[in-house]
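Taking it in order: structure first as structure tokens, then the write-up.
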Amino acid sequence: MDEHGFLAKIGLTNGESKVYLALLELGTSTSGPIITKSRISRSKVYDILDRLKEKGLISELIRENTRYFQALSPMKILSYIDSHELKIKEQKQAFKQILPIFLERQKSRESEHQIRVYHGFEGIKTLYLEMTNKLKKDEEYLGFSFPAEALKHKSILRMIDNFHKTRAEKGAKAKILCTKHDAVNAAKLKMPKSRFYEYRVSKHPFPSSISIYQDSVATFIWGSIPRAFVIISKETAEHYRRFFNELWKTASKHQV
């Protein structure tokens, strides 16, 4: 990472980085040489210099009615980073206090019928994180098994396993329905007492790649770029839940 990249990472703009680095090399300087070396226009340079002063990275002195600027010791960067970290911590604490208000507003919106789309592997990871955070103790996750097409990816398998481990640790339950042709899940059926989830094998056909939790129904579409469509509707979730439970009653606990 070069100097510009580092300064950008700690919160300086591109213009601020150019002016600060120019001053390090120039020493005490008027605006003219700073403009030439940093290639920042005169109309912008004074505003940038003022911002750098506010951040405590440069100083200014007036000599014979002329403004001179000087970069302070690079050690001031450490002080700036410390103050930046403190500000972030304060912002984080302040946000924690109002977070329930944001969640309540989102919850009030989710009471309405909504559809959300999650795109790509990162989108799927976000969905699983949301499910993990939402499911509470004694709540139930119901799933129609994923096809081998989805589970052939090790990253997907790890993501699903981590979800179920975290869910189980929170005390939320899970039931998974699969077919007798589902080779990937068949091995897991040999462990019916798994502390993570319970599997059953249905003799009847059912749509695959569907998850039901709380008032939501997630439908996954697999391919080179996976997607998930989530319907947030109490009525729809109850409809799918009844369909799942009817199949569950007649499903076998062992491979047939």
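So what is the relative contact order for the chain, in percent, with contacts set as C-alpha pairs under 8 Å and at least six apart?
Details: 351 pairs, mean separation 41.0, N = 256.
Averaging sequence separation for qualifying contacts and normalising by length gives 16 percent for the chain.
With a cut-off of 14 Å between beta carbons, the residues surrounding residue 7 carry a summed charge of +2, where Lys and Arg count +1 and Asp and Glu -1.
Please state the shape class of the chain: rounded when a/c is under 1.5, otherwise prolate if a/b exceeds b/c and oblate if not, all from the C-alpha gyration tensor.
Working: a/c = 3.64, a/b = 3.05, b/c = 1.19.
Verdict is prolate for the chain.
Using the Cβ-Cβ distance between residue 14 and residue 155 with R0 set to 35 Å, the FRET efficiency works out to roughly 0.50.
Taking 0.36 nm per residue of separation and subtracting the current Cα-Cα distance, fully stretching the chain between residue 63 and residue 98 would add 7.7 nm. Plugging the Kirkwood radius over Cα pairs into Stokes-Einstein for the range 20-149, at a temperature of 10 °C and a viscosity of 1.306 mPa s, what D comes out in µm²/s? Taking Rh from Cα pairs, D becomes 78 µm²/s. Full extension of the chain between residue 236 and residue 252 yields a length gain of 3.1 nm, computed as 0.36 nm times the residue separation minus the alpha carbon distance.
Label point of residue 28 set 7 angstrom out along Cα-Cβ; within the range 48-75, amide nitrogens under 16 Å from it belong to 58-73. Going by a ≥ b ≥ c, the root eigenvalues of the Cα gyration tensor, does the range 3-77 fall in the rounded group (a/c under 1.5), the prolate group (a/b larger than b/c) or the oblate group? Because a/c hits 1.5 or more and a/b exceeds b/c, the range 3-77 counts as prolate.
Assuming charge only on the beta carbon of Lys and Arg (+1) and of Asp and Glu (-1), the dipole of the chain about its Cα centre is about 960 debye to the nearest 20. In plain terms, the chain from residue 148 to residue 51 could stretch by 29.3 nm, reckoned as 0.36 nm per residue minus the Cα-Cα distance.
The numbers here are math on the coordinates, done by the rules we state, and not lab data. Just so we're clear, the structure is a prediction, and the values are computed from it rather than from any experiment. Reconstructed Cβ throughout: ideal geometry from the backbone, glycine too, with neighbour counts over all protein chains shown.
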